[in-house]
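The values are calculated or read from the model by the stated rules, or taken from the named source; none is laboratory data. Because the structure is predicted, anything quoted here is derived from the model rather than measured. Every residue, glycine as well, gets a Cβ built from its backbone with ideal geometry; the counts of neighbours run over all protein chains shown.
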Amino acid sequence: MRIEHKAVVVAVLVAAGMVAAAPAQDQALPIREMLDAFDQAFFSSCTVRLRATLPATAFDLSQGLIDADVVMSADGAEQALFVERHEIANPVFNANEIRRTNDQGENYEVSLEKRSFVLLARDAWSRRADFQTLSITPQSSLAGISVSRPLVEVRPVRHPDAANLFYRYVLQLGRGYSGLLSEVTAVEEQPDGTVRVEGRGTLFSPHVGAWELIVDLTQGCLVTSASFKQDDGAEKSLIGGEDGAEIVGTELPILSKGTFHLAPDYPITVEVQEYTRSASPTLIADVRQAVGSPGGNFTLLDFSNVDGAGAPLVVKGRKAE
């Protein structure tokens with residue numbers, strides 16, 4: 001059954017206390033506004049601890065998948081994320097890459113982002129990445145690890161690159177889609193009671209494409225699966241709950257696990273370890289400190305201060321504390 005876009009009832013919002021009760025004839029809101037209302041409520045006060053599995057490094061996918069510990073918290077004013085990746089259990093000597101990057105010997109060097117800090121604040125969206133360089137012998141054993149200076153990037157609010165680094169761990173939970181969906185073009189009720197939403201929007205780039213969401217209105221507009229296809233691209237980005245995924249939480253529930261195929265060969269799977277409807281001031285402060293005052297030697301790319309060619313201000317050195 002096709003549902004007129006303006007005819008999606010707002011009763012679920014009233015039940016959740018998101019909006020005041022209104023006369024029956026006024027109880028209609030576009031589904032996009034409903035998604036936005038529940039996203040705002042979710043990010044107003046929450047902390048989620050996750051175990052993630054993702055490619056060890058985007059620089060060399062032959063290194064396989066690794067686990068990472070992820071914690072996200074939001075208080076309505078700021079959203080903070082911290083990721084710490086585990087060690088590569090079985091490093092791979094990649095002969096195809098040895099000529100491009102090596103340590104002046106026979107060993108192969110590959111860069112790994114060990115820790116990530118992301119802060120989405122009202123004045124800027126920032127991230128810090130702490131890198132390691134692994135030296136791998138031709139026998140695929142680890143010869144050594146060196147630590148690179150932290151990289152800090154400061155970007156304007158809502159910049160897609162910063163959004164990517166944060167929401168790649170959150171969309172699998174069924175939240176955060178309203179900022180990516182600019183227009184809803186169709187809503188269709190499914191036999192299981194969910195609704196299929198078609199729309200237009202973006203996914204971590206300026207390029208527009210088609211979104212398709214499956215939304216469970218009975219669980220606070222929870223997005224249980226989604227796909228995005230860029231207009232000029234052949235491949236879809238797929239996001240959805242894993243087999244056996246459950247609903248976690250009664251107030252503003254989330255999915256217990258899911259996978260985001262950021263690219264066909266770049267899956268990011270998350271599984272909820274803990275979910276609370278309260279922010280973590282300690283985590284938010286720690287992430288703010290990490291991106292705002294890195295200390296020691298660091299490299300800063302300030303995309304809020306670009307030259308005529310669009311290149312960011314680059315600062316290398318030691319920041320006074």
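Checked against the criterion of being among the aliphatic types (A, V, I, L, M), over 15 Å from residue 175 (Cβ atoms) and at pLDDT below 95, the candidates 83, 92 yield just one match: 92.
Looking only at residues in segment 264-314 that are loosely packed, with under 14 Cβ neighbours inside 10 Å and among the β-branched types (Val, Ile, Thr), which one is nearest to the chain's Cα centre (by Cα)? Checking each candidate, the answer is 276.
Of the residues examined, residue 140 is not one that is among the polar types (S, T, N, Q), at pLDDT below 95 and assigned by TED's automatic domain parsing to the domain that holds residue 216.
A single member of 256, 227 is in contact with a strand residue (DSSP E or B) (Cβ under 7 Å, 6 or more places away or on another chain) and closer than 25 Å to residue 61 by Cβ, and it is 227.
Only one entry of 194, 259, 218 meets the criterion of being hydroxyl-bearing (Ser, Thr, Tyr), in the same structural domain as residue 37 (by TED's automatic domain parsing) and at pLDDT 95 or above, and that entry is 259. Here residue 165 meets each of (1) part of a strand (DSSP E or B); (2) under 30 Å from residue 51 (Cβ atoms); (3) out of contact with any helix residue (DSSP H, G or I) (no Cβ under 9 Å at 6 or more places or on another chain) with one exception, condition (1). All of (1) touching a Phe, Trp or Tyr at 6+ places or on another chain (Cβ under 8 Å); (2) not assigned by TED's automatic domain parsing to the domain that holds residue 51 hold for residue 156 with one exception: (2). Only one of the listed residues (113, 198, 153) is within 30 Å of residue 221 (Cβ to Cβ) and in contact (Cβ under 8 Å) with a residue 12 or more places away in the chain. That residue is 198. For the condition in contact with a helix residue (DSSP H, G or I) (Cβ under 6 Å, 6 or more places away or on another chain), buried (at least 17 other Cβ atoms within 10 Å of the Cβ) and not assigned by TED's automatic domain parsing to the domain that holds residue 150, residue 254 qualifies.
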